[in-house]
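> Would you mind keeping the following structure in view while I ask a few things?
The values are calculated or read from the model by the stated rules, or taken from the named source; none is laboratory data. Note that the structure is predicted; figures quoted are calculated from it, not measured. Note that we place each Cβ from the backbone using ideal geometry, even for glycine, and neighbour counts take in every protein chain shown. For the accessible areas, the whole protein counts, side chains as well, though only heavy atoms, and no ligand, DNA or RNA atoms are used. Shrake-Rupley method; radii C 1.70, N 1.55, O 1.52, S 1.80 Å.
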Amino acid sequence: MKSKKVVLAYSGGLDTSIIIPWLKENYGCEVIAMAANLGQGEELVGLEEKALRTGASACFVEDLRQEFVEEFLFPMLKSGAVYEGKYLLGTSIARPLIAQRQVEIAEREGADAVAHGCTGKGNDQVRFELTYKALNPKLTVIAPWREWSIRSREDAINYAESRNIPITAKRDKPYSHDDNLWHRSSEGGVLENPWNEAPEEIYKLTVSPEQAPDKPTEVTIDFEKGEPVALNGQAMSGIDLVTTLNKLGGENAVGRIDLVENRLVGIKSRGVYETPGGTILYAAHRELESLVLTGGLLRFKDTIAPKYAELIYNGAWFTPLRESLDAFIEHTQEKVTGSVRLKLYKGNCMVLGRKSPYSLYREDYATFGEDDVYNQKDAEGFINLYGLPVKVKAMIEIDGTGKSSYSRPDYSKFKRD
């Protein structure tokens, strides 16, 4: 199929830099580049000029930081989603937003196709294309990595050099990085051997614990209905709050994760992630929930958090299931308002205190001192009822065999000194 006008999700990295001329050579189409500003900073410098110089007819650099924080990061934070117990989903959560804006530009500019630079081995191709299907399934999808003869990063570098396309990728440092307001990910190179220690040179947001200060840093985060609104008593926008926590956490070596994860396509991969601000926010939010949610609600919410993480990781953001889970999660956050105090020290994020006007913690109930609200004799009846199934099972076994299946210890095996 031939397309007349294609909107390319453009980052200015190696892959998308060579895709512009490749599309023009192989599809004979007009190429519009769309870059998303999600807080990656210096990577955006000169991006429009580079895209135009390599053959794009236009390049739109879209500032999506506020939407990223308010409509994607904070809902994820409130859900408690963590993929495979470690990954805070910094790359995964960004893709549906980028693809959404890409579709919007395609419709506005009259394009008949969209393209991305994701490889056929990774998860991102799914995340982009599920969004395309959900928002405008009539658009043709072009995925060059599934079509062209380029098979490696080395091939891609050779292609770029043969066409005088400026790139920053080096043969001796073939790392793949993804940066945004929430995190930095690193893959490839020596990281492909899971036995190798991640080299210090790949880290950008965090110092090592050995380099962190000997004096801890204390922070206090205020929440309203599950969303962070202030840091150390100062009201902040979501963008500023995450950015400031990234700095404070990074200076104290907080937020490094080294993970061998299971990709949706069936391949295991090794990724190194830095999420200093996110790590602090997750710890604080969870601690506040423990104060204001009932035990049953908190435990049930914990059962859906992995599913929510799976939906994000697998690119299923624009689905009825995610929207329905959000409705439940939003209801749980009605009283997640209060403050959490934490200590950041050499890679550790330790909770020091928490308070909320909706706290369900009652000191007069929990005290080990004398109280007038809890009759300890009541515990006997509770234990008798709670333990009744265990008791009945043991009585039946003893009546039938003379002993319960959980036999008493054989004390003859124990020798006296």
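> With every protein chain left in place, what is the accessible area of residue 260 in Å² (1.4 Å probe, nearest 10)?
Approximately 70 Å² for this residue.
> How high is the relative contact order of segment 217-358? Use alpha-carbon pairs under 8 Å, at least six apart in sequence, and give a whole percent.
33 percent.
> Roll a 1.4 Å probe over the protein heavy atoms and report the accessible area of residue 352 in Å², nearest 10.
Here the accessible area works out near 60 Å².
> Please give, to one decimal in nm, the separation of the simple spin-label points placed at residue 394 and residue 224, each 7 Å out from Cα toward the Cβ.
5.5 nm
> Angle, helix 388-401 long axis vs. longest principal axis of the chain, Cα atoms, 0 to 90°, nearest 10?
Tilt of helix 388-401: around 70 degrees.
> Of (1) 290; (2) 188; (3) 248, which is the value of volume of the Cα convex hull per residue in Å³ derived from the coordinates here?
Evaluating volume of the Cα convex hull per residue in Å³ on these atoms matches (3).
> Treating the beta-carbon of each Lys and Arg as +1 and of each Asp and Glu as -1, no other charges, what is the dipole magnitude of the chain about its Cα centre, to the nearest 20 debye?
For this selection, approximately 1120 debye.
> So, with +1 on the Cβ of K and R and -1 on the Cβ of D and E, and no other charges, what is the size of the charge dipole of segment 319-411 about its Cα centre, to the nearest 20 debye?
Using only the charged Cβ atoms, the result is roughly 540 debye.
> Now for a separate question. Keeping all protein chains in position, work out how much accessible area residue 318 exposes to a 1.4 Å probe, and write it in Å² to the nearest 10.
The accessible area of residue 318 comes to roughly 50 Å².
> Near the amide H of residue 11, under 5 Å away, which other amide H atoms are found, from residues 5 or more places off or on another chain, if H is placed in the peptide plane?
16
> Shape call for segment 1-79 from the C-alpha gyration tensor, a ≥ b ≥ c root eigenvalues: rounded (a/c under 1.5), prolate (a/b greater than b/c) or oblate?
Prolate, because a/c is 1.5 or more and a/b exceeds b/c.
> Would you mind working out the accessible area per residue for segment 190-255, using a 1.4 Å probe, and quoting it in Å²?
Per residue, segment 190-255 has 55 Å² of solvent-accessible surface.
> Just reorder 155, 63 by solvent-accessible area, largest first, 1.4 Å probe, all chains present.
Output order, biggest surface exposure first: 63, 155.
> Find the centroid of the Cα atoms in segment 243-305 and in segment 307-341, then give the distance between the two in whole Å.
Centre-to-centre (Cα) distance: 14 Å.
> Helix 276-292 sits at what angle to the longest principal axis of the chain, using alpha carbons and giving 0 to 90 degrees rounded to 10?
30 degrees
> While we're here: Would you work out if segment 312-411 is rounded, prolate or oblate? Take a ≥ b ≥ c from the square roots of the eigenvalues of the alpha-carbon gyration tensor; rounded if a/c is under 1.5, else prolate when a/b is larger than b/c, oblate otherwise. Could you put the intermediate results ahead of the total?
Working: a/c = 2.22, a/b = 1.54, b/c = 1.44.
Because a/c hits 1.5 or more and a/b exceeds b/c, segment 312-411 counts as prolate.
> Kindly count the pairs of lysines across segment 1-152 whose alpha carbons are less than 23 Å apart, treating pairs on different chains or eight or more residues apart as eligible.
Pairs that pass both the separation and distance tests number 16.
> Accessible area of the chain with a 1.4 Å probe: how many percent of it is carbon plus sulfur?
52 percent
> Rounded to the nearest 10 degrees, what's the angle between the helix 153-162 long axis and the longest principal axis of the chain, both from Cα atoms, 0 to 90?
Once rounded, one gets 20 degrees.
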